[in-house]
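Since every read-out is calculated from the coordinates, none of them should be taken as a lab result. This is a predicted model, so every value here is computed, not measured. Here the Cβ positions follow ideal geometry from the backbone for every residue, glycine too, while neighbour counts run over all protein chains shown.
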Amino acid sequence: MTFKLHTTDLSPFGQRAKLALRAKNLLGETELVDTFGGTDALEALAPMRQIPILEHDGFILPESQTIVDYLDDLIPAPALLPDTATGRATARLLARIADLYIAPHFLALIVGMREGLRVDQIVVVFNALNEGLGFAEHYLRPDQPYAAGNGLSVADLALAPFLFFVPHFADFYGVRAFPNTPKCAAYLRAIGKADPIDKAFAEMETAYKARKAMLKN
Ligand SMILES: N[C@@H](CCC(=O)N[C@@H](CS)C(=O)NCC(=O)O)C(=O)O
């Protein structure tokens, strides 16, 4: 089996797909194409022109969650969904909360790193982000390293890469991280030590530092 993943280390969507390849032990047989989104080369693969895009034996698949689900169908073990119906539903719900209520606010913060944001804009974006984090907070359990079930699941693959950025962006914009979501903060600390999330976080840390250094010049 050969895989090709178009992605870049800084992208939380890309890391979600890459984490699925790591979890399934497929990274060794994956060609990684380091690219940002929005290029003509990507449009030739998928009309959304966004990363990540997975290629597998001629099948071309965009959309991070769809890629995760595809890999979980293709290689069933280790499963990326818990055993029980409620556990599976909770994992899917948390991944959906990440996509619908957390991810959208990151674009403004990423663009703002380059172009700057006024204080009132920073307040609006972080209020919205904190509301989205509050939705995840409601479903996270205290004292559990994983977001749903007893092991790594689609919930961790979706949530952790976004939560990674929360303290970094809070630091960058001079606001408090997780002001009303202590379970999200504790979850981030715990999941960041779990394999293979630790490897994704190490890559993201390096890529984030490089981005900040580039913006300074
Ligand atoms: N819903 C998509 C979102 C992917 C996405 O927004 N990717 C960004 C990079 S983090 C991108 O490629 N942006 C370029 C563009 O939209 O032109 C997914 O889950 O894969």
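A few points about this structure:
- Overall form of the stretch 132-217 per C-alpha gyration tensor (a/c, 1.5; a/b vs b/c): oblate
- Ranking of R176, R16, R211 by neighbouring Cβ atoms within 10 Å, starting from the fewest: R176, R211, R16.
- The relative contact order of the stretch 17-169 comes to 24 percent, based on Cα pairs under 8 Å that sit 6 or more residues apart.
- Summarising the amide proton neighbourhood of L32: residues at separation of 5 or more, or on other chains, whose placed amide H is nearer than 5 Å comprise L5.
- Amide H contacts under 5 Å for I51, placed H, 5+ residues apart: G37, G38
- For the stretch 1-55: rounded, prolate or oblate by the Cα gyration tensor [a/c cutoff 1.5]: prolate
- Hz values of 3J(HN,Hα) by residue in the stretch 43-55 - Karplus curve (6.51, -1.76, 1.60), Gly and Pro given as x: 4, 5, 9, 7, x, 6, 6, 10, 9, x, 10, 9, 10
- Inter-part distance where the stretch 155-217 and the stretch 28-69 are each reduced to a Cα centre, Å: 23 Å
- For the residues F162, F201, F106, a GNM of the chain with alpha-carbon springs under 10 Å puts the largest fluctuation on F106.
- Summed over all non-identical Cα pairs, the Kirkwood treatment of the chain gives a radius of 17.7 Å.
- Relative contact order (%) - criterion: Cα under 8 Å, at least six apart; region: the stretch 3-74: 37 percent
- Qualifying aspartates and glutamates (Cα of each under 15 Å from Cα of K24; at least 8 residues distant if same chain): D69, D72, D73, D156, D195
- Cross-link pairs K193/K216; K18/K193; K4/K199; K4/K183; K183/K216 - those with Cα-Cα distance over 28 Å: K193/K216; K4/K183; K183/K216
- Residues of type aspartates and glutamates that K212 reaches as a straight line, Cα spacing below 15 Å, ignoring anything fewer than 8 places off in the same chain: D9, E115, D171, E203
- Other residues within the sphere of radius under 11 Å centred on the Cβ of E55, judged by their own Cβ, net out at -1 (K and R +1, D and E -1).
- Counted by neighbouring Cβ atoms within 10 Å, the residues H105, H6 run from fewest to most as H105, H6.
- The stretch 85-216, relative contact order [Cα under 8 Å, separation at least 6], %: 29 percent
- Sequence of Y146, Y101 once ranked by neighbouring C-beta atoms within 10 Å, starting from the fewest: Y101, Y146
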